[in-house]
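Below is one structure, written out as structure tokens, with a few remarks after it.
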């Protein structure tokens, strides 16, 4: 089974500050994804990547940047955090063949 | 844009009784469907994937797909209290790297 880890697990940030959420996967999957989960909206895709060096915009990319420096690592960057970005963020990885996505444990972000 | 809706929003069943969850989608060309389970404050666990009309069984979990009716369901045989969680339906086009669209989830409670 795929192993996806996220750090930090919990984060408190101030409005206007920079936040970086990190994701690591150890199964050599090409595709990686960042979602946020909010009550009433379910899981929504922010950014995704097909491999090292690639990032693509998902359905709600505004206010977020992504970076895929290697096959294993995919980061989500909030340059200027706002209270509306308070949420639980999930990273996932998937292979190209079946594209089953395997999820990390989530990061709970609170922006004050 | 794909819309995925789940019903009911919440469901309570007694231990051992069948639990049935529903998911409708809007894009009839979708061909990649997954059911995930999410325990409180945890990541998502994939339960069953289905790619063609009919049924697919994984242990106590059975998915039924009817693409003509834009409907996929999940049936849980002999549910246990440990099955209490939020169940999420996810739909995609099935091509490599295709984005998943999630439903809002069904919260299942299994009474001992």
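The values are calculated or read from the model by the stated rules, or taken from the named source; none is laboratory data. Since we're looking at a predicted model, the values are computed, not measured. Counting neighbours? That spans all protein chains shown, and the Cβs are built from the backbone with ideal geometry, glycine included.
Can you find a residue that is at pLDDT below 95 and over 19 Å from residue A:34 (Cβ atoms) anywhere in the range B:72-80? Full working, then the answer.
Step one: of the range B:72-80, the residues at pLDDT below 95 are none.
The answer is no; no qualifying residue exists.
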With criteria (1) within 17 Å of residue A:90 (Cα to Cα); (2) buried (at least 20 other Cβ atoms within 10 Å of the Cβ), residue B:63 comes up short on (1)
Is it the case that residue B:24 is touching a residue at least 40 places away in the same chain (Cβ under 8 Å) and not in a strand (DSSP E or B)?
no
Give me the residue from the range A:51-72 that is without any contact (Cβ under 8 Å) to a residue 24 or more places away in the chain and within 9 Å of chain B (Cβ to nearest Cβ) and, out of that set, surrounded by the most Cβ atoms within 10 Å (Cβ to Cβ).
A:56
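So, residue B:25, is that one more than 28 Å from residue A:6 (Cβ to Cβ), touching a strand residue (DSSP E or B) at 6+ places or on another chain (Cβ under 7 Å) and crowded, with 18+ Cβ neighbours inside 10 Å or not? Walk me through it before giving the result.
On the way: more than 28 Å from residue A:6 (Cβ to Cβ): yes; touching a strand residue (DSSP E or B) at 6+ places or on another chain (Cβ under 7 Å): yes; crowded, with 18+ Cβ neighbours inside 10 Å: yes.
So residue B:25 fits the description; yes.
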Looking across the range B:3-20 at residues that are under 21 Å from residue A:44 (Cα atoms) and surrounded by 20 or more Cβ atoms within 10 Å (Cβ to Cβ), the single one that is farthest from the chain's Cα centre (by Cα) is B:4
So for the range A:97-104 (the condition being at pLDDT 95 or above, out of contact with any helix residue (DSSP H, G or I) (no Cβ under 9 Å at 6 or more places or on another chain), within 14 Å of chain B (Cβ to nearest Cβ) and part of a strand (DSSP E or B)), does at least one residue qualify?
no
Counting only residues that are outside any strand (DSSP E or B) and free of Cβ contacts under 8 Å to residues at least 24 places away in the same chain, which one in the range A:1-49 is surrounded by the most Cβ atoms within 10 Å (Cβ to Cβ)?
A:41
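Strands (runs of 3 or more DSSP E) wholly in the range B:52-112 with at least 1 residues that are out of contact with any helix residue (DSSP H, G or I) (no Cβ under 9 Å at 6 or more places or on another chain) and within 14 Å of chain A (Cβ to nearest Cβ) - which ones? Walk me through how you get there before you give the answer.
On the way: elements: B:54-58, B:61-66, B:71-76, B:85-92, B:106-111.
Result: B:54-58, B:61-66, B:85-92, B:106-111.
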